[in-house]
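Notes follow once the structure below has been shown.
The values are calculated or read from the model by the stated rules, or taken from the named source; none is laboratory data. This structure is a prediction, so every number in the text was calculated from the model and none was measured. Glycine also receives a Cβ, built like all others from the backbone with ideal geometry; neighbour counts cover every protein chain displayed.
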């Protein structure tokens, strides 16, 4: 247990698994009071056992529910946005429904939470907003990540815009751009790709091969970056896209 985030209140989305869960747990271990949310309550028992103070079943697509949660909590010190979906395919594989859903979950969910939580953060004198973007974005292209890359480029733009608009108001807004991270979401993509390339082992090897370090990243490694951005150690850092990708963008 640490105290880098002691006396801070954090609200987190997509806390049920992967990067979202790891950050919620890491914040709690560093002394924050963490309110974790997810569309499913399946992982809530494990989160509470790991020190998370409160778990809330919440759909990141539900504007009214997010507004109500922001009203209930009042000012938070840390807002962590991790909700997202990885669509596989090119522009030819992207229907209007795919496009709308990807932007709704990957980008508009962050607009919803920031707009709902920001007024109280401002009233309280500031806070840190952390968004999950990706290296597959405006940073670089990745095959078959057409709409996903577009959404994550938008997240970087959104992050910089919020940082600029509130830079003198005590608000810091940064995003994390992970490389390929081991997670249940990745396992599902590996299984799907495996059906096309001759097995899950071959598909996993393909994901690993594009990481110059020769391995996948872990959710805990991304959580360590999030703790830094949430803490006062990063008080001079805002509007940045922090790349943590095992050399993927070199």
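Here are some notes:
Every residue, every condition in (1) assigned by TED's automatic domain parsing to the domain that holds residue 233; (2) crowded, with 16+ Cβ neighbours inside 10 Å; (3) within 28 Å of residue 210 (Cα to Cα); (4) over 17 Å from the mean Cα position of the chain (by Cα), yes or no:
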| position | (1), (2), (3), (4) |
| --- | --- |
| 78 | yes, yes, no, no |
| 94 | yes, yes, yes, yes |
| 97 | yes, no, no, yes |
| 132 | yes, yes, yes, no |
| 139 | yes, yes, yes, no |
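- Sole residue being touching a strand residue (DSSP E or B) at 6+ places or on another chain (Cβ under 7 Å), without any contact (Cβ under 8 Å) to a residue 24 or more places away in the chain and either buried (at least 17 other Cβ atoms within 10 Å of the Cβ) or more than 25 Å from residue 123 (Cβ to Cβ) (or both), chosen from 8, 48: 48
- A single member of 32, 36, 17, 82 is over 25 Å from residue 188 (Cα atoms), touching a residue at least 12 places away in the same chain (Cβ under 8 Å) and in the same structural domain as residue 128 (by TED's automatic domain parsing), and it is 32.
- Exactly one residue out of 48, 57 is modelled with pLDDT of 95 or more and either within 15 Å of residue 9 (Cβ to Cβ) or more than 18 Å from the chain's Cα centre (by Cα) (or both): that is 48.
- Residue match in region 121-129 (condition: under 23 Å from residue 58 (Cβ atoms), in contact with a strand residue (DSSP E or B) (Cβ under 9 Å, 6 or more places away or on another chain) and surrounded by fewer than 19 Cβ atoms within 10 Å (Cβ to Cβ)): yes
- Residues located in region 19-38, provided they are farther than 23 Å from residue 119 by Cβ, in contact with a strand residue (DSSP E or B) (Cβ under 7 Å, 6 or more places away or on another chain) and surrounded by fewer than 23 Cβ atoms within 10 Å (Cβ to Cβ): 28
- Scanning region 159-175 for residues that are within 21 Å of residue 104 (Cβ to Cβ) and buried (at least 21 other Cβ atoms within 10 Å of the Cβ) turns up 159, 162, 173, 175.
- The one condition in (1) surrounded by fewer than 16 Cβ atoms within 10 Å (Cβ to Cβ); (2) at positive phi that residue 42 fails to fulfil: (2)
- Scanning region 205-216 for residues that are assigned to a helix (DSSP H, G or I) and within 24 Å of residue 132 (Cα to Cα) yields 206, 207, 208, 209.
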